[in-house]
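Below is one structure; the comments refer to it alone.
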Amino acid sequence: AQSVTQLGSHVSVSEGALVLLRCNYSSSVPPYLFWYVQYPNQGLQLLLKYTSAATLVKGINGFEAEFKKSETSFHLTKPSAHMSDAAEYFCAVSAGNTPLVFGKGTRLSVIA
Amino acid sequence: KAGVTQTPRYLIKTRGQQVTLSCSPISGHRSVSWYQQTPGQGLQFLFEYFSETQRNKGNFPGRFSGRQFSNSRSEMNVSTLELGDSALYLCASSLNQGQQETQYFGPGTRLLVL
């Protein structure tokens, strides 16, 4: 069975600082990995998706993530945080015929 | 292209009642999945429909059911509501079924059970 662990339920960064949100996955077969963002009172919006074509995946709003098989990680980064990045971020894994499995989420706060 | 739409957006019910939530997928999408989101349990998979057939089901009691129509629109029903059913219910659609498919989410229906 697949699983996702997001380290840190809450991350706080200063505006302009590096954003790093951690995600580790477990899967017995090659996975597809996703990062979604959720703003208050809204649904989930896809940030980026790993499909094995390239280990470094670029997404929307300046975010990117690197797939590291040896570390079973898929951490999300952004070089410079903006106030509008404050939201909840979810990492998810899909593999085999099982449904999408989400991590518990990381709430990102951006301090002016 | 219009996104995934869910109706109603907000709902208040009392214990013991039943509720039906509706989801219209992105035009052309044939797969619809439902998730329950709560502060304590996070995002939990309810079920997935593809071509009017349930393809996957999560670990929820039989009070939770769903269906998909020939136009890919989907409904989920919860009978005999309990306080613990209060949650944000999210619908997601994808073009086809499969692990490689990207799911696009609607804004959700927030259900409050009193």
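The table that follows gives values for the structure above.
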read-out	value
The one condition in (1) surrounded by fewer than 19 Cβ atoms within 10 Å (Cβ to Cβ); (2) within 13 Å of chain A (Cβ to nearest Cβ); (3) at pLDDT 95 or above that B:PHE69 fails to fulfil	(2)
Residues satisfying the stated conditions in the stretch A:8-19, i.e. under 14 Å from the mean Cα position of the chain (by Cα) and either surrounded by fewer than 16 Cβ atoms within 10 Å (Cβ to Cβ) or facing chain B (nearest Cβ under 10 Å) (or both)	A:GLY8, A:SER9, A:HIS10
Filter result for the condition that a residue is buried (at least 18 other Cβ atoms within 10 Å of the Cβ), under 14 Å from the mean Cα position of the chain (by Cα) and not acidic (Asp, Glu), over B:PHE50, B:PHE60	B:PHE50
Some residue of the stretch A:96-105 being part of a strand (DSSP E or B), within 28 Å of B:LEU46 (Cα to Cα) and within 14 Å of another protein chain (Cβ to nearest Cβ)	yes
Considering residues of the stretch A:75-95 that are polar (S, T, N, Q) and either within 10 Å of A:GLN6 (Cα to Cα) or more than 14 Å from the chain's Cα centre (by Cα) (or both) only, the residue farthest from the other protein chains (Cβ to nearest Cβ)	A:SER80
Qualifying position, being crowded, with 21+ Cβ neighbours inside 10 Å and touching a residue at least 12 places away in the same chain (Cβ under 8 Å), among B:THR38, B:THR109	B:THR109
Candidates B:GLY58, B:GLY108, filtered to the one that is among the small types (Gly, Ala, Ser), within 13 Å of B:THR5 (Cα to Cα), within 13 Å of chain A (Cβ to nearest Cβ) and touching a Phe, Trp or Tyr at 6+ places or on another chain (Cβ under 8 Å)	B:GLY108
Single unsatisfied condition, B:TYR10 versus (1) within 14 Å of another protein chain (Cβ to nearest Cβ); (2) in contact with a Leu (Cβ under 7 Å, 6 or more places away or on another chain); (3) not aliphatic (A, V, I, L, M)	(2)
Hits in the stretch B:72-103 - residues which are at pLDDT 95 or above and at the interface with chain A (Cβ under 9 Å from one of its Cβ atoms)	B:LEU88, B:LEU90, B:CYS91, B:ALA92
Matching residues in the stretch A:53-72 - criterion: being within 12 Å of A:PHE34 (Cα to Cα) and not in a loop (DSSP other than H, G, I, E, B)	A:VAL57, A:LYS58, A:GLU64, A:ALA65, A:GLU66, A:PHE67
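The values are calculated or read from the model by the stated rules, or taken from the named source; none is laboratory data. The structure displayed is predicted, hence computed values, not measured ones. Note that each Cβ is placed from the backbone with ideal geometry, even for glycine, and that neighbours are counted across all protein chains shown.
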